[in-house]
Amino acid sequence: MFSTVLVAALGFATQPISRPLLPAARGIRCCAQSTLDELTMDNVRSMFRDVRGHYRGTKTVDEVSVCRNMMVTRVKDFRGRIARCEVRPSTIHGDGLYASRNIAEGELVTFVPGDSLLVWEDGDRSSDVMMFFGGHVPQSERDAKVILGERVEMYEQYVTGRFSLVGDPSKRADPAYLGHFANDGARCLSPTGKADYERKSTLATNADPVWVEGCHVALQARQSIRAGEEILVSYGAGHWLSRGGGGGVGADIRVLGTALPSHRGADTSLQRTLQSARPKKQAKKPTKAGEKAKLRKAAAARQKSSAARGFGAPPAPRSR
């Protein structure tokens, strides 16, 4: 499924996002003055627009890097300002996401965390995959084998052909970042069952993943959800088929606002990071035996060349 894995940390080749800017964004009051569960989708969109606009104006960090940094950030200022869901055992599969209060249609439910961000440079998922981590992920937890194994299998959120978020299932205390626990109400086991899957999954789905201003992935209620009801999303047939060997491909999620700049050459910092992360070919140190072999080979080549030109050949025997 994956080719070469190149691992890096975000905050890496670029300046970090300015923390004081986040709570000062338009429409969001300081946390000390906030009330529980007040955050709206409009608040979040305004904040991310302000963050992007700030760095677009100062030119201290390129806009693509700003968005990518935000995608792997668990914003501390969201804690206590969104508490609409919780994790419980699911009747569908493993743990599931449940509404802890009534949620209105169109309302922000929670965010999908980017504890690791997978990036395919040109959108070709058969090529090298770059793995980024936020500053909240300790070095000891940046294990590519673990993340690309069961964690991708169970907790990957496809964003576009270039990006996927992967959440850490051990992090479940913050209701602002529980989107990776949302189950699908159906499964697609084969290409022939695609139509049936899409019908069942659509009927069960009550929330959708959306890419908010290119900075965060959120779950948004597709319809009203009652307290205690399981929150379900549709992973898409491609998700299931890709895991069952059916060659499926994920579908891009809906964008709210402006996505990342997509023109080639925009993500110069990623290009630099990819180049620096790729393993360098080490020149072999010459050994004495190797040097002697080179000398013998060079001497043999000179002797052969001289003989071909008539020099160094033994004299012909004289006739009696």
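The values are calculated or read from the model by the stated rules, or taken from the named source; none is laboratory data. Quantities reported herein were computed from a predicted structural model and do not represent experimental measurements. All Cβ positions, glycine included, derive from the backbone under ideal geometry; neighbour counts span all protein chains shown.
Looking only at segment 144-170, which residues are over 19 Å from ASP95 (Cβ atoms) and in contact with a helix residue (DSSP H, G or I) (Cβ under 9 Å, 6 or more places away or on another chain)?
TYR158, VAL159, PHE163, SER164
When GLY135 is tested against (1) under 30 Å from GLU229 (Cβ atoms); (2) touching a Pro at 6+ places or on another chain (Cβ under 8 Å), just one condition goes unmet, and that condition is (1).
Every residue, every condition in (1) closer than 23 Å to ALA221 by Cβ; (2) part of a strand (DSSP E or B), yes or no:
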site: GLY106; (1), (2): yes, no
site: PHE111; (1), (2): yes, yes
site: GLY123; (1), (2): no, no
site: VAL152; (1), (2): no, no
site: ALA195; (1), (2): no, no
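Say whether the condition of being free of Cβ contacts under 8 Å to residues at least 40 places away in the same chain and aliphatic (A, V, I, L, M) is met by at least one residue in segment 162-173. Steps first, please.
The first filter runs over segment 162-173 and keeps only residues free of Cβ contacts under 8 Å to residues at least 40 places away in the same chain, leaving 170, 173.
Filter once more, so that each one left must be aliphatic (A, V, I, L, M): 173.
There is at least one residue in segment 162-173 that is free of Cβ contacts under 8 Å to residues at least 40 places away in the same chain and aliphatic (A, V, I, L, M).
Among residues belonging to segment 31-78 that are aliphatic (A, V, I, L, M) and assigned to a loop (DSSP other than H, G, I, E, B), point out the one that is modelled with the lowest pLDDT. Selected residue: LEU36. Annotation: of all residues in segment 175-192 being in a loop (DSSP other than H, G, I, E, B) and hydroxyl-bearing (Ser, Thr, Tyr), the one that is nearest to ARG101 (Cα to Cα) is TYR177. Tell me which residues, restricted to segment 89-102, are touching a residue at least 24 places away in the same chain (Cβ under 8 Å) and in a strand (DSSP E or B). Answer for segment 89-102, where residues must be touching a residue at least 24 places away in the same chain (Cβ under 8 Å) and in a strand (DSSP E or B): ASP95, GLY96, LEU97, TYR98, ALA99.
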